[in-house]
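One structure below.
The values are calculated or read from the model by the stated rules, or taken from the named source; none is laboratory data. Nothing here was measured: the structure is a model prediction, and the numbers come from that model. Cβ: placed from backbone, ideal geometry, glycine included. Neighbour counts: every protein chain shown. The accessibility values were calculated without ligands, DNA or RNA, using every heavy atom of the protein model including side chains. Shrake-Rupley method; radii C 1.70, N 1.55, O 1.52, S 1.80 Å.
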Amino acid sequence: MNRKATWFDYVNVLILMLVVVICLYPFIYMIAVSMSGGGPISQGKVWLYPVDFNLDMYRYVFEDGRILTGYKNTLIYVALGTACSLLVTVLGAYPLSKKQMVFQKPIMLMIVLTMFINGGMIPTFLVVRGLGLLDSIWAMVLPGLISTWNLIIMRTFFLGIPKELEESAKVDGLSDIGILFKIVLPISQAVIASVGLFYAVGIWNGFMSPLLYLRSEELYPLQLFLRNIVLSSEMTGSGAPVSGNIVVVEPAMKYAAIIISTLPILCVYPFLQKYFVKGVTLGSVKG
Amino acid sequence: MRHEILNKKSWIARVRQDRYLLLLVLPCVLYYLIFKYGPMLGIVIAFKDYNLHRGIWDSPWVGFKWFNHFMNSRDFWPVLKNTFVLGFMKLLFGFPAPIILALLINEVRHAFFRRFVQTVSYLPHFISNVIVAGIMTMFLSPRNGIINELISFLGFDRINFLVEESWFRSIYVSSEIWQHLGWSTIIYLAALSTIDIQQYEAARLDGANRWQTTWNITMPGIAPTALIILILDIGKVLEIGFEKVYLLATPAVYSKADIISTYVYRVGLSEGKYSYATAIDLFTGMISIIFIISANWASRRINGNSLW
């Protein structure tokens, strides 16, 4: 495939560079503003790197306390939710990959059907309320316990495991549960990582279910506090209010809050990207 | 008779034989029954006058009262139209964009640059809707948002994007594309990688240029994937995600931004009209099902590809 570069190649690289800039620049800009002084920001001098470098707004956001509470709650929900979701998904996907299992077809149909029809916002809310889950940790775990998409990804992977592997284990006297934990899971680490990451990101970023199911502020996850800080119109009014000995620079403070709550994802993303991609390509194979 | 007994026995025997597998799948089945099928039963309140104290079953039946109520309300057409127009715009721009980007990435021969573009363009997909709405709001702010700084730097008048309703749809659709464009290319890039390289070499020997190979080999190669995605997208035209519209909409732009899910949230959970809100949800759910069935049917008629 050694062809000479044509004008098309140059234009193509140019277009793709533009896509890269559009995807990355907002983050660079936000980091720059969040670390700049109030003067340069209001004069519009900050656009690529911090001017009058300082970390006052980061200190302010942490001292405010809300972000810390949100962080703590979100970490709990992500850890607990991902563990529960992953466990139930693995346990469910394995039997469903056994096409000869009794009831396999009706259960599969029952699951796939929910991708096209659902009860809707209010009836789901009533079920969650009826179970007494409202305003509790479990409201963040149970209603979204399984994502059908993730279940299908997992099942598709299990379908691809050679039958001989499991049959020989059966001859050795292992039960189905033994086969799953001793034979299947050890060779499924990549797909478990993919699905676990999808669950974790989903819970980390979730906004609607905490909005619907949580009432008390001490249970709020990061995203709800973030909405109140970033999107509440002009929470600090105009001018530069003083809090303690820090002068609050509104845009810098909001961008600092955004950067703080995105940082974990920005940091781990480059290393875990391949698992995400693997998950999508697995899911797209028709099962 | 004997045959029946034999069959029954073998059926019980199969349950016994698969008992461990059934045990494993049990939590999963319970989840779907409680949290997916439970709410489907709850849809009956759309035909009742649901009252908190009397519960779902003892509340009186009212037939199609809430559906009539919705269709005769003055919110009916604006809300339906907003949802449809927004969904259609998202489909119109959001469906072809990843195909084009995937084709462009596929033409890159420098492996490192290619991987770099992919990695960077997937990133926005992992940013929460709250943050994307926050970024949009702040970048578009008339006071010191960077977009308006740019506009005034170029010598034009600042635009107050967030309170001018004519801008709402463009803002929503472009934020959707920013967030999901790169990520949506994955599936097309996977389809592109399955196309046989020999086809390209044979075409080149026949003197086909790049444009011709793209049109005659690449495009047919990803067409089945694209069609499946299109069917699914058409089914989702009315199911616009609640989160971002809710977060981006300010009261000033409600006339364009009020869509079915935000409306259901407002009348249902904020005003407590559970039955009315459920009826609206059911009504749009039905339309969505009609959409996806027709899209599937059309696709099967045209070239034999379909979801089922």
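Summary of computed values
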{"quantity": "Of all residues in the range B:17-51 being within 23 Å of A:Ala93 (Cβ to Cβ) and basic (Lys, Arg), the one that is surrounded by the fewest Cβ atoms within 10 Å (Cβ to Cβ)", "calculated": "B:Arg19"}
{"quantity": "Enumeration of residues in the range A:99-158 that are of a type in the set (Gly, Ala, Ser), within 23 Å of the chain's Cα centre (by Cα) and within 23 Å of A:Cys84 (Cβ to Cβ)", "calculated": "A:Ser136, A:Ala139, A:Gly144, A:Ser147"}
{"quantity": "All helices (runs of 4 or more DSSP H) inside the range B:52-121 with 1 or more residues being assigned by TED's automatic domain parsing to the domain that holds B:Asn216, in contact (Cβ under 8 Å) with a residue 12 or more places away in the chain and surrounded by 17 or more Cβ atoms within 10 Å (Cβ to Cβ)", "calculated": "B:65-72, B:76-94, B:96-106"}
{"quantity": "Of all residues making up the range A:125-175, the number that are part of a loop (DSSP other than H, G, I, E, B) and within 12 Å of another protein chain (Cβ to nearest Cβ)", "calculated": "12"}
{"quantity": "A:Ile31 being more than 19 Å from A:Thr262 (Cα to Cα), assigned to a helix (DSSP H, G or I) and of a type in the set (Val, Ile, Thr)", "calculated": "no"}
{"quantity": "Scan of the range A:109-124 for residues that are touching a helix residue (DSSP H, G or I) at 6+ places or on another chain (Cβ under 9 Å) and either more than 7 Å from chain B (Cβ to nearest Cβ) or aliphatic (A, V, I, L, M) (or both), ordered by number", "calculated": "A:Met110, A:Ile111, A:Val112, A:Leu113, A:Met115, A:Ile117, A:Met121, A:Ile122"}
{"quantity": "Test: residue in the range B:164-181 that is more than 30 Å from B:Trp77 (Cα to Cα) and either without any contact (Cβ under 8 Å) to a residue 40 or more places away in the chain or crowded, with 16+ Cβ neighbours inside 10 Å (or both)", "calculated": "yes"}
{"quantity": "Unmet criterion (only one of (1) part of a helix (DSSP H, G or I); (2) more than 12 Å from chain A (Cβ to nearest Cβ); (3) open to solvent by 30 Å² or more (accessible area, probe 1.4 Å)) for B:Phe156", "calculated": "(1)"}
{"quantity": "Residue, farthest from the other protein chains (Cβ to nearest Cβ), within the range A:215-259, restricted to residues that are open to solvent by 20 Å² or more (accessible area, probe 1.4 Å), part of a loop (DSSP other than H, G, I, E, B) and at pLDDT 90 or above", "calculated": "A:Ser216"}
{"quantity": "Which listed residue is out of contact with any Gly (no Cβ under 9 Å at 6 or more places or on another chain), of a type outside the set (A, V, I, L, M, F, W, C), open to solvent by 80 Å² or more (accessible area, probe 1.4 Å) and outside the structural domain of A:Leu266 (by TED's automatic domain parsing), from A:Tyr49, A:Tyr29, A:Tyr25", "calculated": "A:Tyr49"}
{"quantity": "Hey, B:Lys236 charged (D, E, K, R), within 20 Å of the chain's Cα centre (by Cα) and open to solvent by 70 Å² or more (accessible area, probe 1.4 Å) or not", "calculated": "yes"}
{"quantity": "Single unsatisfied condition, A:Leu14 versus (1) part of a loop (DSSP other than H, G, I, E, B); (2) without any contact (Cβ under 8 Å) to a residue 40 or more places away in the chain; (3) not assigned by TED's automatic domain parsing to the domain that holds A:Asp176", "calculated": "(1)"}
{"quantity": "The range A:4-22 - residue that is surrounded by 14 or more Cβ atoms within 10 Å (Cβ to Cβ) and more than 19 Å from B:Leu123 (Cβ to Cβ) and, of those, modelled with the lowest pLDDT", "calculated": "A:Asp9"}
{"quantity": "Count of the range B:138-153 residues which are at the interface with chain A (Cβ under 7 Å from one of its Cβ atoms) and either over 28 Å from A:Pro264 (Cβ atoms) or assigned to a loop (DSSP other than H, G, I, E, B) (or both)", "calculated": "2"}
{"quantity": "Unmet criterion (only one of (1) within 26 Å of the chain's Cα centre (by Cα); (2) outside the structural domain of A:Ile146 (by TED's automatic domain parsing); (3) open to solvent by 30 Å² or more (accessible area, probe 1.4 Å)) for A:Ser42", "calculated": "(1)"}
{"quantity": "Qualifying position, being assigned by TED's automatic domain parsing to the domain that holds B:Asp258, of a type outside the set (Phe, Trp, Tyr), open to solvent by less than 50 Å² (accessible area, probe 1.4 Å) and in a loop (DSSP other than H, G, I, E, B), among B:Ile135, B:Ile186, B:Ile195, B:Ile229", "calculated": "B:Ile195"}
{"quantity": "Contacts under 9 angstrom Cβ, first residue in the range A:158-180 being under 21 Å from A:Thr89 (Cα atoms), partner among the hydroxyl-bearing types (Ser, Thr, Tyr) and open to solvent by 60 Å² or more (accessible area, probe 1.4 Å), 6 or more apart", "calculated": "A:Ser175/B:Tyr20; A:Asp176/B:Tyr20; A:Ile177/B:Tyr20; A:Gly178/B:Tyr20; A:Leu180/B:Tyr20"}
{"quantity": "Hey, B:Tyr200 within 28 Å of B:Ile302 (Cα to Cα), assigned to a helix (DSSP H, G or I) and within 10 Å of chain A (Cβ to nearest Cβ) or not", "calculated": "yes"}
{"quantity": "Hits in the range B:277-308 - residues which are farther than 30 Å from B:Lys65 by Cα and without any contact (Cβ under 8 Å) to a residue 12 or more places away in the chain", "calculated": "B:Trp297, B:Ala298, B:Arg300, B:Arg301, B:Ile302, B:Gly304"}
{"quantity": "Options B:Tyr265, B:Tyr246, B:Tyr276: the member that is assigned to a helix (DSSP H, G or I), hydroxyl-bearing (Ser, Thr, Tyr) and over 21 Å from the mean Cα position of the chain (by Cα)", "calculated": "B:Tyr276"}
{"quantity": "Every residue from the range A:52-76 that is open to solvent by 30 Å² or more (accessible area, probe 1.4 Å) and within 14 Å of chain B (Cβ to nearest Cβ)", "calculated": "A:Arg66, A:Tyr71"}
